[in-house]
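Novice: Let me begin by handing over the structure; questions about it come next.
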Amino acid sequence: MDKSSKIYVAGHNGMVGSAIVRLLKQLNFTNILTRSSAELDLRNQEAVTFFFEETKPDYVFLAAAKVGGILANNTYRGEFLFDNLMITTNIIHAAHTHSVKKLLFLGSSCIYPKLAPQPLKEEDLLTGLLEETNEPYAIAKIAGIKMCEAYHDQYGDNFISAMPTNLYGPNDNYDLQKSHVLPALLKKFHQAKIQGLKQVEIWGSGSPLREFLHVDDLAAACLFLMENYDGKQFVNIGSGTEITIKELALLIKELVGYSGDLVFDAAKPDGTPRKLMDVSFIHSLGWKHTIELKEGIKAVYQDALIGNRLND
Ligand code: GFB
């Protein structure tokens with residue numbers, strides 16, 4: 001990519017898209033193209049085709065998606081399948097018909113079978129049944145991977161895919177019914193501290209293991225792959241380390257400075273028991289994460305306080 005290449009970042013108002021735009025701007029890329037969902041409904045094929053016809057981007061980062069935590073995935077199953085399939089197929093197909101030089105599609109670690117061997121290797125895709133709570137989202141993301149591969153095979157398109165682990169960072173969603181665990185716990189512990197509550201409720205058993213990556217690391221990995229990788233094989237992106245939900249809760253409790261107790265709500269789902277990425281492939285390509293979890297959470301807590309994101 002040249003500094004003046006026309007780069008479309010789909011989903012620039014989301015946590016991932018905004019991190020990619022931030023990085024591109026820091027690096028003095030001057031021709032970044034964005035559209036809000038009010039300006040362009042990515043689920044509408046005609047509108048997406050017209051947008052590509054009108055703007056003719058050279059490169060595309062496909063970071064637009066309907067996303068959410070375990071409860072949102074499980075509740076809005078139809079929307080998660082439809083919206084993500086439409087957004088993904090419309091953009092990838094329009095990128096093909098409008099001769100985009102390269103596209104990077106972003107998926108998720110939930111594409112892997114629920115009980116796949118750990119750590120999750122790229123070749124484990126489609127070797128078993130998916131986790132039930134996020135099956136619709138995972139099916140849409142697997143469709144995106146397969147579409148990039150099929151367009152690579154049939155048309156020679158340089159469309160690559162990256163599968164990030166669980167992400168956190170600035171511009172996260174703090175709606176407790178829809179958010180992922182990390183922003184949810186930041187908000188819950190912060191509010192409990194301010195309001196002097198005796199306990200904080202943690203969903204599930206606390207025993208599931210999760211891996212977390214700061215979204216600025218993800219943005220760096222996406223740019224690295226865009227500039228250095230043309231393979232058909234999708235690439236895992238993660239930190240390579242995992243933590244139980246209980247340990248995460250205790251860490252956030254400490255960082256927020258809350259002194260009450262944790263209670264576990266067994267009525268809420270645990271989801272997949274373990275989800276650790278094997279990141280040896282991206283390490284072999286020459287990229288590694290730089291932000292460790294504790295410093296990352298500290299920075300995000302400050303950012304959320306400044307942005308007044310932790311109050312209702
Ligand atoms: O982050 P999370 O919603 O998503 O939940 P997944 C991770 C774990 O944290 C689950 C527990 O075991 C939750 O039960 N947890 C504890 C909480 N307290 C809370 C809380 O207050 N809020 C939330 N949200 N969780 C999602 C998938 O799975 O991960 C998506 O549904 C996507 O498809 C995303 O892949 C990255 O890691 O379980």
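The values are calculated or read from the model by the stated rules, or taken from the named source; none is laboratory data. In this text the structure is predicted, and so the values were computed from the model without any measurement. Cβ coordinates were reconstructed from backbone atoms using ideal geometry, including for glycine residues, and neighbour counts include every protein chain displayed. Heads up: the accessible areas ignore ligands, DNA and RNA and are worked out on the full protein's heavy atoms, side chains in. Shrake-Rupley method; radii C 1.70, N 1.55, O 1.52, S 1.80 Å.
Novice: What's the ranking of 238-250, 147-159, 25-37 by average number of surrounding C-beta atoms within 10 Å, highest first?
Specialist: Values: 238-250: 18.7, 147-159: 16.7, 25-37: 13.7.
Result, highest mean first: 238-250, 147-159, 25-37.
Novice: For residue 132, what is the net charge nearby, where nearby means another residue's Cβ is under 15 Å from its Cβ and Lys, Arg count +1, Asp, Glu -1?
Specialist: Working: positive: 77, 114, 268, 275; negative: 131, 135, 270.
Net charge in that neighbourhood comes out at +1.
Novice: Residue 82 to residue 195: extension gain in nm, 0.36 nm per residue of separation minus the Cα-Cα distance?
Specialist: The residue 82-residue 195 span can extend by a further 36.7 nm.
Novice: While we're looking at this one, here's another question. How much accessible area per residue does the chain have, counting only protein heavy atoms and a probe of 1.4 Å, in square angstrom? Walk me through the numbers before you get to the answer.
Specialist: On the way: 13520 Å² over 312 residues.
Heavy-atom SASA per residue in the chain reads 43 Å².
Novice: Roughly to the nearest percent, how much of the accessible area of the chain is carbon and sulfur, given a 1.4 Å probe? Intermediate results must be reported in sequence, preceding the final value.
Specialist: Values: 6880 of 13520 Å².
Within the chain, the accessible surface is 51 percent carbon and sulfur.
Novice: Please work out the Cα center distance from segment 24-78 to segment 113-136, rounded to the nearest Å.
Specialist: 26
Novice: Looking at the chain, send over the antiparallel percent of its DSSP beta bridges, to the nearest 5. Write down the numbers at each step before the final one.
Specialist: Values: 2 of 30 bridges.
Counting only bridges with both partners in the chain, antiparallel ones make up about 5 percent.
Novice: Quote the convex hull volume per residue of segment 106-227, based on C-alpha atoms, as a whole number of Å³. Before the final figure, lay out the partial values.
Specialist: Numbers: hull volume 16.2 nm³, N = 122.
Expressed per residue, the convex hull around the Cα atoms of segment 106-227 is 133 Å³.
Novice: Beta carbons within 10 angstrom, averaged per residue: use that to sort the peptides 254-261, 207-214, 88-95, highest first.
Specialist: On the way: 254-261: 14.8, 207-214: 20.6, 88-95: 22.4.
Per-residue Cβ counts within 10 Å, averaged per peptide and sorted highest first, yield 88-95, 207-214, 254-261.
Novice: Considering the alpha-carbon set of the chain alone, what are its Rg and its Dmax in angstrom?
Specialist: Rg and Dmax of the chain, Cα atoms, are 19.2, 61 Å.
Novice: Would you mind checking the radius of gyration and Dmax of segment 35-133 based on alpha-carbon positions, in Å?
Specialist: Computed over the Cα atoms of segment 35-133, radius of gyration and Dmax are 15.7, 46 Å.
Novice: As an exercise, use a Förster radius of 35 Å and the Cβ-Cβ distance of residue 75 and residue 263 to find the FRET efficiency, rounded to the nearest 0.05.
Specialist: On the way: r = 23 Å, r/R0 = 0.65.
With a Förster radius of 35 Å, E is 0.95.
Novice: Still on this structure, please answer the following. What net charge do the residues around residue 18 carry, taking every other residue with its C-beta under 15 Å from that of residue 18, with Lys and Arg at +1 and Asp and Glu at -1?
Specialist: Details: positive: 22, 25, 35, 309; negative: 172, 216, 217, 303.
Summing Lys/Arg as +1 and Asp/Glu as -1 gives 0.
Novice: Let me ask something additional. Per residue Cα convex hull volume for segment 134-174, in cubic angstrom? All intermediate terms of the calculation are to be shown ahead of the outcome.
Specialist: Numbers: hull volume 3.9 nm³, N = 41.
Spread over its residues, the Cα hull of segment 134-174 gives 96 Å³ apiece.
Novice: Near residue 102, which lysines are there with a Cα under 21 Å away, not counting those fewer than 8 places off in the same chain?
Specialist: 3, 6, 25, 56, 141, 146, 232
Novice: Return the calculated 222 nm mean residue ellipticity for the chain, to the nearest 500 deg cm²/dmol, obtained by summing -39500 (n - 2.57) across DSSP H runs with n ≥ 4 and dividing by the residue count.
Specialist: Values: 10 runs with 132 residues, N = 312.
The per-residue figure over the chain is -13500 deg cm²/dmol.
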